[in-house]
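Below is one structure, written out as C-alpha cells; the observations come after it.
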Amino acid sequence: MKTYRIAAIPGDGIGVEVIAAGVEVLQALAGRDGSFDFAFDHFDWGSDYYKRTGLMMPDDGREQIKGHDAIFFGAVGAPDVPDHVTLWGLRLAICQPFDQYANVRPTRVLPGITSPLRSVSGPELDWVIVRENSEGEYAGVGGRVHKGFPEEVATDVSMMTRSGVARIIRYAFRLARSRPRKLLTVVTKSNAQRHAMVMWDEIAAEVAAEFPDVTWDKMLVDAMTMRMVIKPQSIDTIVATNLHADILSDLAAALAGSLGIAPTANLNPERAFPSMFEPIHGSAFDIAGKGIANPIGTFWTATMMLDHLGEPAASARLMRAIERVTADASFHTPDLGGKATTRQVTDAVIAAIAGDNA
Ligand SMILES: NC(=O)c1ccc[n+]([C@@H]2O[C@H](COP(=O)([O-])OP(=O)(O)OC[C@H]3O[C@@H](n4cnc5c(N)ncnc54)[C@H](O)[C@@H]3O)[C@@H](O)[C@H]2O)c1
C-alpha cells in the first residue's frame, strides 16, 4: 500500500485549527479508500516558534521537508509580529526556493452557498486563477536607505524574467485547454507598466500560438475586477502576476461566498520539489481559538493535494463529501451566516466520506 509522507505546517491562528481538521479528514478518507495511507510529520513552525527562537523555521527547515510528497500548510501571521517577517520567514521561504511557481486557485459557488452577486445562482461562476508565484512584484528585489531620515528611499522592484513569464503562461494555457470551455484571460497592466508588463503581453501572444484550440483574451487588471462582478460567466481560466492574482483571488473568494472556502495549490509542476497546499485565507486573529473557522477551504485544498499525489478517485470522493455538507445550511460556519463550528463541519464531512458509496 502506498503511504504518502505529508509535512503538516499549521502555522498560526486558525491555521492550527483548520489543518488539524484537514488531517482528520484525510485520515478518514484513507481509511475509507483502503488503497493508500498518509504519514504526517507535524512541524510547529510559525510566530510562536519565532518568539522562542528568532526564526520562523529552523535554518535547515527546507532540508527537513524536501523529501516529503507534499506540504499541507495552514497560515502565518500574528498580531505582535510584523507581517513581512512572518510571510517571508515561512510561506515565501518555502514557495520561492522550492520553485512552486504555479499558484492555482479554483473558485466556484459550492452547493448551498449564496454568492453576493445577484446574477449568480451557481454555475455562472466557475473559474481557476493561475497566479505567478515566484517573481514579479514579490521577487523581494529592492531596499531601504536613509531609514528614518527625510530623504529615506524605499523600493520594491517588480522583476519579471522571460523564462518565468513563459512557464506560467504556458501552464495556464495547458490548464485552460484541460477545462471544457478552453478559455483563458491574460490579465495585464501594460498601459501603465510599460516594460515588464509589455514583455508579459508579448510572451502571452507567443505562447498562445502553441494553443490554437484555446480561446484567449487580454484584460487590464482594473477592468478585470469589474468583469468579475458584472460578467462572471464570461470568464473561465485567468492568469495574472503575483500581486494582481493575489488581489483578484480574494475578490473571487468573496464572490463565491467566503474566503473561508477558497483553496490553493503552490505547485512545482516539474516535481523537483514538493508542492504546497493551503487554504487562501490567513490566520484570522479575529476568530482564532474560537472553534468557528470554516475548514472547507482546507478540505478543498486537500482535494487538490490528492489530485497532485495521483489519487483522483479519493479527491472526487472528498469533493462530493464537501458539497454534500455545504448544501446543508445547518453546517454553515458564521462566515457563511450560520452557527456551525469547525468540529461540526469536520464531523459532517467525515460522516459524508463514510457514507459515500460511489
Ligand atoms: N497564506 C497566508 O499565510 C496568509 C494569507 C493571508 C493573510 N495572512 C496573514 O494573516 C493575518 C490576518 O490577515 P487578514 O485578516 O488580512 O486575512 P484573513 O484571511 O486572516 O482574514 C480576513 C477575514 O476573513 C475571515 N476568515 C478568513 N478565513 C476564514 C475561515 N476559514 N473561516 C471563517 N472566517 C475566515 C477572518 O475572520 C477575517 O475577518 C495577517 O498577519 C496576514 O499577513 C497570511
Report summary line: By Cβ neighbour count within 10 Å, fewest first, GLU135, GLU323, GLU270 rank GLU270, GLU323, GLU135
Report summary line: Taking every other residue with Cβ under 14 Å from the Cβ of GLY31 and scoring Lys and Arg +1, Asp and Glu -1, one gets -3
Report task. List every residue whose amide H lies under 5 Å from the amide H of GLN100, counting only residues 5 or more places away in sequence or on a different chain, with H placed 1.01 Å from N in the peptide plane. Result -> none
Report summary line: Toy charge model, Lys and Arg Cβ at +1, Asp and Glu Cβ at -1: the chain dipole around Cα centroid in debye, rounded to 20, equals 720
Query raised in the report: Once label points are set 7 Å from the Cα along Cα→Cβ at both LYS218 and ASP44, what is their separation, rounded to one decimal in nm?
Result: 5.2
Requested in this report: Take the alpha carbon gyration tensor of region 167-324, find the square roots of its eigenvalues, order them as a ≥ b ≥ c, and report rounded if a/c is under 1.5; if not, report prolate when a/b exceeds b/c, else oblate.
Outcome: prolate
Report summary line: Per the rule of 0.36 nm per residue minus the C-alpha distance, extending VAL157 to THR114 adds in nm 11.5 nm
Report summary line: Sorted by chain and then number, the residues having a modelled amide H within less than 5 Å of the amide H of LYS218, at least 5 places away or on another chain, are VAL186
Requested in this report: First check a/c for region 265-358, with a ≥ b ≥ c the square roots of the eigenvalues of its C-alpha gyration tensor; if it is under 1.5, answer rounded, and if not, answer prolate when a/b is larger than b/c or oblate otherwise.
Outcome: oblate
Report summary line: Calculated from DSSP helices alone, with each H run of at least 4 adding -39500 (n - 2.57) and the total divided by the residues of the chain, [θ]222 nm to the nearest 500 comes to -11500 deg cm²/dmol
Query raised in the report: What length, rounded to one decimal in nm, is gained on full extension from ASN191 through to LEU251, with 0.36 nm per residue of separation minus their alpha-carbon distance?
Result: 19.4 nm
Requested in this report: Read phi for every residue in region 143-154 and hand back ³J(HN,Hα) as whole Hz from Karplus 6.51 cos²θ - 1.76 cosθ + 1.60, θ = phi - 60°, with x for Gly and Pro.
Outcome: x, 10, 10, 6, 3, x, 8, x, 8, 3, 10, 9
Report task. Give, as a single signed number, the net charge of other residues whose beta carbon lies under 11 Å from the beta carbon of ARG167, with Lys and Arg counted +1 and Asp and Glu -1. Result -> -1
Query raised in the report: For ARG343 and PHE36, what does the FRET efficiency come to when R0 = 25 Å and r is the distance between their Cβ atoms, rounded to the nearest 0.05?
Result: 0.45
Requested in this report: Could you sort 310-317, 104-111, 17-24, 149-156 so that the peptide with the highest average Cβ count within 10 Å comes first and the rest follow in order?
Outcome: 17-24, 104-111, 310-317, 149-156
Report task. Tabulate in residue order the Karplus-calculated ³J(HN,Hα) for region 248-264, using 6.51 cos²θ - 1.76 cosθ + 1.60 with θ = phi - 60°, rounded to whole Hz; enter x for Gly and Pro. Result -> 4, 6, 5, 4, 4, 4, 5, 5, 8, x, 5, 5, x, 9, 7, x, 7
Query raised in the report: Lysine pairs in the chain with alpha-carbon atoms under 26 Å apart, 8 or more places apart or on different chains: how many are there?
Result: 10
**Report entry** Sorted by Cβ neighbour density within 10 Å, fewest at the top, the residues ARG343, ARG131, ARG91
**Finding:** ARG343, ARG91, ARG131
Query raised in the report: When DSSP assigns beta bridges and you keep just the ones with both residues in the chain, what percent turn out antiparallel, to the nearest 5?
Result: 45
Report task. On a C-alpha basis, how far is the centre of region 68-131 from the centre of region 179-195 in Å? Whole number, if you could? Result -> 20
Query raised in the report: Near the amide H of PHE40, under 5 Å away, which other amide H atoms are found, from residues 5 or more places off or on another chain, if H is placed in the peptide plane?
Result: ILE6
Query raised in the report: By the gyration tensor of its Cα atoms, with a ≥ b ≥ c the square roots of the eigenvalues, what is the shape of region 115-256: rounded for a/c under 1.5, prolate for a/b over b/c, or oblate?
Result: oblate
**Report entry** Residue-wise HN-Hα coupling along region 219-232, computed from phi with Karplus coefficients 6.51, -1.76, 1.60 (Hz; x: Gly, Pro)
**Finding:** 8, 5, 4, 5, 5, 5, 4, 5, 5, 4, 8, 7, 10, x
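Every read-out reported here was derived from the displayed coordinates using simple, explicitly stated rules and does not represent laboratory data. The structure displayed is predicted, hence computed values, not measured ones. Every residue, glycine as well, gets a Cβ built from its backbone with ideal geometry; the counts of neighbours run over all protein chains shown.
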